[in-house]
Amino acid sequence: MGQALVRIDDMMAVKADLAARIAAIDVRAPYSRPCDIATEIDAIRVIAHTNGLNPAVTVAHFLDSALSRGEHGALMHGWLSILRDAVGCERQDVQACHAFAAACSVRLAG
């Protein structure tokens, strides 16, 4: 039981770190270049992947596509909101990834 609590504490720390990173990007997004944001999103993607936060990995890929299309500034707020939700998601299964992918697809097409 002690080992399970350590894993829960570790995951809470990872999620808190990612939430802080996302909040920092959100504050800087209106003044940042897309390539700078992309670097930070990639770091979030790597951390999420390493820790099994699959929906966050999915959203990070979509966010990267949006940045590649030239989205930046205030438009990033909505993307970062989806990423924040994905980091906080308790489900890590394929269906959760599909749900977040669908939300991103709607945003990307809109």
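The values are calculated or read from the model by the stated rules, or taken from the named source; none is laboratory data. Worth saying up front: this structure is predicted, and the values here are computed from it rather than measured. Here the Cβ positions follow ideal geometry from the backbone for every residue, glycine too, while neighbour counts run over all protein chains shown. In case anyone asks, the SASA skips ligands and DNA or RNA and just uses the protein heavy atoms, side chains included. Shrake-Rupley method; radii C 1.70, N 1.55, O 1.52, S 1.80 Å.
Rounded to the nearest whole Å², what accessible area per residue is found for the chain with the 1.4 Å probe?
Spelled out: the 1.4 Å probe surface of the chain, per residue, equals 56 Å².
Note down the relative contact order for segment 1-96 as a percent, whole number, built from C-alpha pairs under 8 angstrom at least six residues apart.
Answer for segment 1-96 is 35 percent.
Out of the trypsin sites (Lys or Arg not before Pro) in segment 39-110, which ones are loop residues according to DSSP with at most 12 other C-beta atoms within 10 Å?
For trypsin sites (Lys or Arg not before Pro) across segment 39-110 that sit outside H, G, I, E and B with at most 12 neighbouring Cβ atoms in 10 Å, the list reads 69, 91.
If you scale each eigenvalue of the Cα gyration tensor by 5 and take the root, what three semi-axes come out for the chain, rounded to whole angstrom and sorted largest first?
25, 16, 10
Among 77, 61, 98, whose Cα projects farthest towards the positive end of the dipole of the chain, with charges put on the beta-carbon of Lys, Arg (+1) and Asp, Glu (-1)?
Working it through, the farthest residue towards the positive pole turns out to be 77.
With runs of 4+ DSSP H residues as the only contributors, calculate the mean residue ellipticity of the chain at 222 nm using -39,500 (n - 2.57) per run, divided by the residue total and rounded to the nearest 500. Each step should come with its number before you reach the end.
Values: 5 runs with 88 residues, N = 110.
For the chain, the value works out to -27000 deg cm²/dmol.
Using a Förster distance of 25 Å, how high is the FRET efficiency between residue 68 and residue 23, based on the Cβ-Cβ distance and rounded to 0.05?
So, using R0 = 25 Å, E works out to roughly 0.60.
Treat every Asp and Glu Cβ in the chain as -1 and every Lys and Arg Cβ as +1, leave all other atoms uncharged, and give the resulting dipole magnitude about the Cα centre to the nearest 20 debye.
Rounded to the nearest 20 debye, it is 160 debye.
From the C-alpha gyration tensor of segment 19-73, pull out the three semi-axes of the equivalent ellipsoid (sqrt of 5λ each), sorted largest to smallest, in whole Å.
19, 13, 8
Expressed in nm to one decimal, what extension gain is obtained for the pair residue 99 and residue 33 from 0.36 nm per residue of sequence separation less their Cα-Cα distance?
Using 0.36 nm per residue and subtracting the Cα-Cα distance, I get 20.9 nm.
Can you name the helices of the chain, as whole DSSP H runs, whose Cα span along the helix axis is 30 Å or more and whose Kyte-Doolittle mean is not below -1.0?
Flagged H segments are 2-28.
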